[in-house]
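Here the structure comes first, spelled out in structure tokens, and everything after it is commentary.
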């Protein structure tokens, strides 16, 4: 489903060339639950941006569902992001004065889904993540873990090929982190492909496969189950 072949990414600042990713190759198949781990500066964020079609590599190829992204223009990348990828971020990225229900409805509004259908689906998704009683709450009325549940529901709104979570438990206490990983586990059990970017090995240990990056290179790729 996802295939990276000899991906490298370099940044040039005057005479200084920084290599963020160095010849990275791997595949992720439909229904996998994968963590990508590594210390700060290992290239995780750069890899997340390429996996999420937020950036393109300097060299190498990346395809999602058979569609190569490395030569796409910005509007084409945006279409891939909207159709194929559900994003969950450490900072939640929710609209602060907007209800949980309307936050989840938003991607469907951009896609032209009717109000009746998007409201019904948003309710179903919020109920699925345990927030059926918080539909009208705004983010400032929710805990960090509840905000992340709203973000997960929003990421699922367009039924994406891939759920891509960037440090999704980074702002949460341990008990809420466990709850969020429980949701990812359940979503994976239901057939969703989930990729979690994290620096926390305890979080990575909850996934079924762990890819470890150091200095822009893969140093291990192991099945955990």
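Look at the alpha carbon pairs under 8 Å that are at least 6 residues apart: their mean separation over the length of the chain gives a relative contact order of 29 percent.
Helix 144-155 sits at what angle to the longest principal axis of the chain, using alpha carbons and giving 0 to 90 degrees rounded to 10? For helix 144-155, the angle is close to 80 degrees. Taking Cα atoms only, the orientation of helix 100-110 departs from the longest principal axis of the chain by about 60 degrees.
With Cα atoms defining each centre, the stretch 135-184 and the stretch 56-92 are spaced 22 Å apart in the structure. Taking the C-alpha atoms only, the angle from helix 174-189 to the longest principal axis of the chain is near 80 degrees.
Subtracting the Cα-Cα distance of residue 208 and residue 58 from their residue separation scaled by 0.36 nm leaves 51.0 nm. Could you work out which residue, out of 200, 70, 79, moves most in a Gaussian network model of the chain, that is, has the largest mean-square fluctuation with Cα springs under 10 Å? Among 200, 70, 79, the largest mean-square fluctuation in the Gaussian network model of the chain belongs to 79.
The order of 97, 121, going from fewest to most other C-beta atoms within 10 Å of their C-beta, is 97, 121. As a calculated quantity, the FRET efficiency between residue 23 and residue 171 at R0 = 35 Å, using C-beta atoms, amounts to about 0.60.
Neighbour counts of C-beta atoms inside 10 Å place 89, 33 in the sequence 89, 33, starting with the fewest.
Read-outs: derived from the displayed coordinates by stated rules, not from any lab. Quantities reported herein were computed from a predicted structural model and do not represent experimental measurements. Note that we place each Cβ from the backbone using ideal geometry, even for glycine, and neighbour counts take in every protein chain shown.
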